[in-house]
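The values are calculated or read from the model by the stated rules, or taken from the named source; none is laboratory data. Only a predicted model underlies this, so the values are computations on that prediction, with no experimental measurement involved. A quick note on method: Cβ atoms are made from the backbone with ideal geometry, for glycine too, and the neighbour counts reach across all protein chains shown.
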């Protein structure tokens, strides 16, 4: 099942805040909130890439500018093999990756991204 805004842990643990309009909830940042998220504003040059890796928590990437792609992998006795087709994300699109899921990233065009990670960020190389 693909990761979506409905299934991602990114959208859990929101709370109401006194003195704000009805219907508004938020989730603040880690480490000041142990149930929070880490948020990064990333820039990637065109033609750069990340090797196969995973993160400990669910993540969400919003492409503000540019175009990128992700390839998911599974580990076998013979090494990593692609799991499905490469996923392409362009300006205005959002991608979700479940925690522990092995993937790479390629930056087809120069990218500006908003990256949100469930709780503390981590990067585990899978090469």
Query - Hits in the stretch 92-109 (condition: surrounded by 14 or more Cβ atoms within 10 Å (Cβ to Cβ), assigned to a loop (DSSP other than H, G, I, E, B) and touching a strand residue (DSSP E or B) at 6+ places or on another chain (Cβ under 7 Å)) - result: 99, 101, 108, 109
Report task. Just need a number here: residues in the stretch 64-113 that are within 25 Å of residue 7 (Cβ to Cβ), over 14 Å from the mean Cα position of the chain (by Cα) and touching a residue at least 40 places away in the same chain (Cβ under 8 Å). Result -> 5
Query raised in the report: residue 119 is checked against (1) modelled with pLDDT of 95 or more; (2) under 15 Å from the mean Cα position of the chain (by Cα) and fails just one. What number does that condition carry?
Result: (1)
Query - Top-ranked residue of the stretch 6-17 - restricted to ones that are over 14 Å from residue 57 (Cβ atoms) and either part of a loop (DSSP other than H, G, I, E, B) or under 19 Å from the mean Cα position of the chain (by Cα) (or both), ranked as modelled with the lowest pLDDT - result: 17
Query raised in the report: What about residue 20, is it under 13 Å from the mean Cα position of the chain (by Cα) and in a loop (DSSP other than H, G, I, E, B)?
Result: no
Report task. For residue 66, indicate whether it is on the phi > 0 side of the Ramachandran plot and either surrounded by fewer than 17 Cβ atoms within 10 Å (Cβ to Cβ) or at pLDDT below 95 (or both). Result -> no
**Report entry** Failed criterion for residue 57 (all others in (1) buried (at least 17 other Cβ atoms within 10 Å of the Cβ); (2) assigned to a strand (DSSP E or B); (3) touching a residue at least 60 places away in the same chain (Cβ under 8 Å) hold)
**Finding:** (2)
Query raised in the report: Out of (1) exposed (fewer than 14 other Cβ atoms within 10 Å of the Cβ); (2) under 27 Å from residue 81 (Cβ atoms); (3) touching a strand residue (DSSP E or B) at 6+ places or on another chain (Cβ under 7 Å), the odd one out for residue 2 is which?
Result: (3)
Requested in this report: Can you tell me which residue within the stretch 23-54, out of those that are within 30 Å of residue 80 (Cβ to Cβ) and outside any strand (DSSP E or B), is nearest to the chain's Cα centre (by Cα)?
Outcome: 30
